[in-house]
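Since the structure comes first, as structure tokens, the remarks are kept for the end.
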Amino acid sequence: MNAKWLKILAVVLMIIDHIGFYLMPEGTINLILRAIGRIAYPLFAYMIAEGFHKTHHVKKYLLRLLIAALIMEFVVLMIYLFTNANYFIQINVFIPLIAGLTGLILFYQKGWYYKLLILPIFVLAELLHISYGVYGVILILIFGIIPKKIEQLTTFIFISLFFIDWPLFVLMGLEGTARYPSLQWTSLLAFIPIFLYNGQKGSYNKWIFYLIYPLHLGLILMIKYLITR
């Protein structure tokens, strides 16, 4: 599996997740769609780390993400003007991706003090309530700093223990004690395609993947507005 198909898979899973979250009432179907969708973000995080290590122009890579983030915020602005629903910053997945990529850039600078600048990124991720918060940023750093996939998986599981409700909590009636519900554990299934990934890029127009997010989410949010008005 090359990068093209890994990204296609991530996009499909993301759309499934958003359909479940925004359009489906709470219940079995909603739960299934959201469980499937949890796999998407780790795949995007992994590809950000891959892009960081393989791009010849990391500044241009970061700039593309910034442009995509601005496009997403423009779509959110249009949604706000039309529906009065405020989705600013919180649903923009490009923001944690930018934060994670910035963290990798800082980590690989020669001066040790650059690494300290990653801490304010963690703080801002939480204060601004961006998608996935500090957890989303840490995932990108795990993929970008730890070289071997099995070690990445081990660290991913360890970090998840601090952010996701353990299944035991659910059985004990203590669900809700962690940042994310136990459903988030299905995100670990992302390592199946990650282990199948062959490191090859594949042929595709990179801007397609940047534009799919604002376009599909804008459409879903408008559908939600029309069916709930």
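Every number here is computed from the coordinates shown, using simple stated rules; none is lab data. None of these values were measured; they are calculated from a predicted model. For neighbour counting, all protein chains shown are included, and Cβ atoms are generated from backbone atoms with ideal geometry for every residue, glycine included.
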- At 15 Å minimum axial length over the Cα atoms and a Kyte-Doolittle cut of -1.0, report the qualifying DSSP H helices in the chain, or say none. 3-23, 40-54, 58-83, 94-107, 133-145, 149-163, 206-228
- Classify the chain: rounded, prolate or oblate, from the alpha-carbon gyration tensor (a ≥ b ≥ c, eigenvalue square roots; a/c under 1.5 rounded; otherwise prolate if a/b is larger than b/c)? rounded
- With +1 on each Lys and Arg Cβ and -1 on each Asp and Glu Cβ, and nothing else charged, work out how big the dipole of the stretch 3-228 is about its Cα centre, in Debye to the nearest 20. 880 debye
- Summed over the other residues with a beta carbon less than 14 angstrom from that of Phe21, with K and R at +1 and D and E at -1, the charge totals +1
- Query: Among Met24, Met72, Met14, whose mean-square fluctuation peaks in a Gaussian network model of the chain (Cα, cutoff 10 Å)?
  - Reply: Met24
- Where a ≥ b ≥ c are the square roots of the eigenvalues of the C-alpha gyration tensor, would you call the stretch 108-224 rounded, which needs a/c under 1.5, or, failing that, prolate if a/b is larger than b/c, or oblate? rounded
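What ranking do 78-87, 44-53 get when scored by the average of other Cβ atoms within 10 Å per residue, highest first? Numbers along the way, then the final one.
Working: 78-87: 13.2, 44-53: 21.4.
Peptide ranking by packing, descending: 44-53, 78-87.
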- Query: Of Leu97, Leu139, Leu31, which is the most mobile in a GNM of the chain whose springs link Cα atoms less than 10 angstrom apart?
  - Reply: Leu31
- If Trp185, Trp207 are placed from fewest to most neighbouring beta carbons inside 10 Å, the sequence is Trp207, Trp185
